[in-house]
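The values are calculated or read from the model by the stated rules, or taken from the named source; none is laboratory data. Bear in mind that the values here come from a model prediction, so they are computed numbers and not experimental data. Cβ atoms come from the backbone with ideal geometry, glycine included; neighbour counts cover every protein chain shown. The accessibility values were calculated without ligands, DNA or RNA, using every heavy atom of the protein model including side chains. Shrake-Rupley method; radii C 1.70, N 1.55, O 1.52, S 1.80 Å.
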Amino acid sequence: MPVSDDPLARERAHLTSSRAALRAMREDVEALDIKDVTANWVNSIVLGRQIEDRIKALADLSHTPLFFGRLDYLHTTQEGQRFYIGRRHVHDAGGDPMVIDWRAPVSQPYYQASKKDPQDVGLRRRFGYTGGELTAYEDEHLSDPEELERTSRLLQAEIERPRVGPMRDIVATIQPEQDGIVRSDLSGTVCVQGGPGTGKTAVGLHRVAYLLYAHRERLARTGTLVIGPNRSFLHYIEQVLPALGELEVKQATVDDLVGGHVEVRGTDGAATAVVKGDARMAELLRRAVRSHVALPKESLMVVRGSRRWRVPAHELEEIVQELLNRDIRYGAAREALPQRIAHAVLVRMEQAGEAPDDRVQNAVARNTAVKAVVKECWPPVEPAKLVLRLLGDAEFLAEHAEGLFSEDEQKLLLWTKPARSVKTAKWSAADAVLIDEARDLVERTHSLGHVVLDEAQDLSPMQYRAVGRRCTTGSATVLGDLAQGTTPWATASWAEALGHLGKPEAVVEELTAGFRVPREVIAYASRLLPHMSPGLAPVESVRENPGSLDVRAAGDLDRDVVGACVEALGHEGSVGLIAADARIAPLAEALTAAGLTYLSPGEETTAESRLTLVPASLAKGLEYDYVVLDEPAAVVDGEPDERTGLRRLYVALTRAVSGLTVLHSAPLPAQLGER
């Protein structure tokens, strides 16, 4: 076949060949016959599922380019000097690579190489796609001193591409500072502070994908988990990892982690929730759990056959006290206690000339008299019942809260009407976290290999502890923006948060370059920073988009908001109408009356349905090409205090990728200043 002189035609031919090779790889897996290679039906099922997962991972997604870049090295390596960089590895029938996984070491210069540090790269080529078709390319000759460094137009176009549907991966647009975080080692915990549009969420997800590539066997055993603030957010991000070929990463909210043991049906006032989320609650629960331990008052008599063996009370007390001093988990100590008592009996047997073995010790540990001592000294504790008693029994609470909580704080903790049982109690989300803490005091929580915690600034100290329990022997990627902390208990500093998480040694990285929000929009939102998060550096957007901000005074607010939505829908891409939660119902009626269909957060936008009506409380983490923001003052006033209200407004102002229209009938918050 003749080789075309047209570079674009040659690249398209390589894309076609690569797709054919990927299809052949998939067909090879589909053709595997495992009937004669498995020893039993269990192995057969496990292997079958592994093959199914492999087939899914080799899917050729029509909307996802197979490769997005190319590296031409100056010096030939063992495999050759030209590499196509893509989302997954593809090889031909002979095993030679046609596309290199973006996570492979040879791909790293695609993100890190520059004119100052070319890393042996002669040419970096970026590809542009339209509807899955390769339509353009752009070259950088990194080792050519005559060529000036410039901003990639294809890179800029990919960043600004209209958003319809779930969140996209950023694998083609990862920046050097982002790549350093993505490729950081599994053994260390990383905290990423990043303002709106800096890509912190995408960086966290891509770090998971990288770690699964670099440490697949280890993480396959220990597990990975992505924790988001709510279900709408998780639905929005859920397609990123599958697009990168990773299918086994679980997703959950903090409420999902801790809510499996009681039904959450109640709510707390802000002041009560703050106290329940305070780290002092951990000590209160520890005291309450340990209060069940009672030192023995009488000696123990164990009868075996014709012999009686006596263990005096003071020795039993020493055994119990030693277990208390070790401060091991309550349940583990309770299991150890009968064995310790049995050992004391065996010592007496040996002193009397007998030769007891382990079977005798186990039999003594099961002796009725020993069981009675254990039940009296170290009774079982049910975590939910313990928390029920703390919140419903003023005397029990006061006994263990002494020196920890004031009387006013104790009143906030106590239920107005104590519940009769665990099942009838109207547990709140904060109560479920307390029960989870109590469960861990009784029995150790299973630890995963790696946890990603997004929107971490909104967690209470007790919620941080709940997440930290899930990665005590693993590592974490903590993502957030202190300026977007919109809960009354939002963290004041990352050092404080990481301490509660149990990862005080974590490295804190800051992303300050914004790639999503236009410069005009982020500058307007940043006027709020000195009033709500003094000292925090504003985001410096790399995107100039004149005319992207429009602040209007409205005559008829509902009518003007609907008009602004119609105007925004005239552009390509998604549209988000964000409003204070109390304004959602009247705006829904106005949209319906105008014949505009709309989605709720979490529902996937399509070409036919591009407008989403978003309560301000659910806007965090979401993004839209165009945003219409209704009545900023109402967003601020909808929160329990001004700082939280300003932070909620800051979030709402920074959801737009291409344009923001702000409509108001009431005066704008004074902190925004004059437009």
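What the table below lists for this structure:
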read-out	value
Kirkwood Rh in Å, taken over all unlike Cα pairs in the chain	28.9 Å
Ordering of 302-315, 237-250 by packing [mean C-beta count within 10 Å, highest first]	237-250, 302-315
Amide proton proximity set for Q251, modelled H, under 5 Å, gap of 5+	V226
Label zone at R287, where the point sits 7 Å out along the Cα-to-Cβ direction: segment 400-433 residues whose backbone N lies under 19 Å	400-415
Cut-off under 5 Å, modelled amide H: who pairs with I85 long-range	F68, G69, R70, L71, I100
Protection proxy ranking, peptides 486-499, 283-296, average beta carbon neighbours within 10 Å, highest first	486-499, 283-296
Overall Cα dimensions of segment 86-131 - principal axes, largest extent first, Å	38, 28, 17
Quarter of Cα convex hull surface for segment 345-400, i.e. mean projection, nm²	5.9 nm²
Rounded Å value of the spacing that divides the Cα centres of segment 80-157 and segment 369-427	61 Å
³J(HN,Hα), Karplus 6.51/-1.76/1.60, whole Hz, each residue of segment 437-443, x for Gly, Pro	4, 5, 4, 6, 5, 8, 9
Rounded, prolate or oblate (a/c below 1.5 giving rounded, otherwise prolate when a/b exceeds b/c) for segment 431-499 by Cα gyration tensor	oblate
Volume per residue that the Cα convex hull of segment 523-615 spans, once the total is divided by residue count, Å³	149 Å³
Extension reserve of the R19-E376 stretch, reckoned as 0.36 nm per residue once the Cα distance is removed	121.5 nm
M25 - accessible surface, heavy atoms, 1.4 Å probe, Å² rounded to 10	20 Å²
Dmax and Rg, reported as Rg then Dmax, of segment 632-675 (C-alpha, Å)	10.5, 31
Dipole of the chain, positive end: most advanced residue of C565, V651, V575 [Cβ charges, Cα centre]	V651
Within segment 252-372: Cβ-based charge dipole about Cα centre, in debye rounded to nearest 20 (Lys, Arg +1; Asp, Glu -1)	480 debye
Tail beyond 21 Å, pair distance distribution of segment 576-675 (Cα, percent)	29 percent
Estimated inter-spin distance, T592 and E318, nm [label 7 Å along Cα→Cβ]	7.7 nm
Cα Rg, Dmax (largest Cα-Cα span) when computed across segment 299-416, Å	19.3, 63
Kirkwood Rh and Cα Rg combined as Rg over Rh, evaluated for segment 547-591	0.95
Sequence-distant residues sharing a close amide H with A476 (under 5 Å, placed H)	T189, V190, V451
Which listed pairs, of K276/K417; K250/K375; K250/K417, have C-alpha distances above 29 Å, in listed order	K250/K375; K250/K417
For segment 490-497, Karplus couplings with θ = phi - 60° (6.51, -1.76, 1.60), whole Hz, Gly/Pro x	3, 5, 8, 8, 6, 4, 5, 4
Sequence of Y524, Y213 from largest to smallest accessible area, 1.4 Å probe	Y213, Y524
Cα-based convex hull volume of segment 45-142 per residue, rounded to whole Å³	117 Å³
Kirkwood Rh, angstrom, segment 336-478 [1 / mean 1/r, Cα pairs]	18.9 Å
Computed helical MRE - 222 nm, the chain, DSSP H runs ≥ 4 contributing -39500 (n - 2.57), nearest 500	-12000 deg cm²/dmol
Positive-end residue of G468, F127, A456, charge dipole of the chain with Cβ unit charges	G468
Positive-end residue of A243, G204, H261, charge dipole of segment 107-265 with Cβ unit charges	H261
Relative contact order of the chain, pairs being alpha-carbon contacts under 8 Å that are 6 or more residues apart, as %	14 percent
Listed residues Y110, Y210 arranged by accessible area, highest first, probe 1.4 Å	Y210, Y110
Residue-by-residue Karplus 3J(HN,Hα) for segment 303-317, coefficients 6.51, -1.76, 1.60, Hz, glycine and proline x	9, 10, x, 8, 9, 10, 10, 10, 10, x, 4, 5, 6, 4, 4
Mean shadow area of segment 396-468 over all directions, Cα convex hull, nm²	6.9 nm²
Gain on full stretching of the segment that runs from T130 to V106 - 0.36 nm per residue minus C-alpha separation	5.9 nm
Per-selection metrics, segment 416-572 (Cα): Rg and Dmax in Å	21.5, 62
Lys, Arg +1 and Asp, Glu -1 on Cβ, resulting dipole of segment 601-675 about Cα centre, debye, nearest 20	200 debye
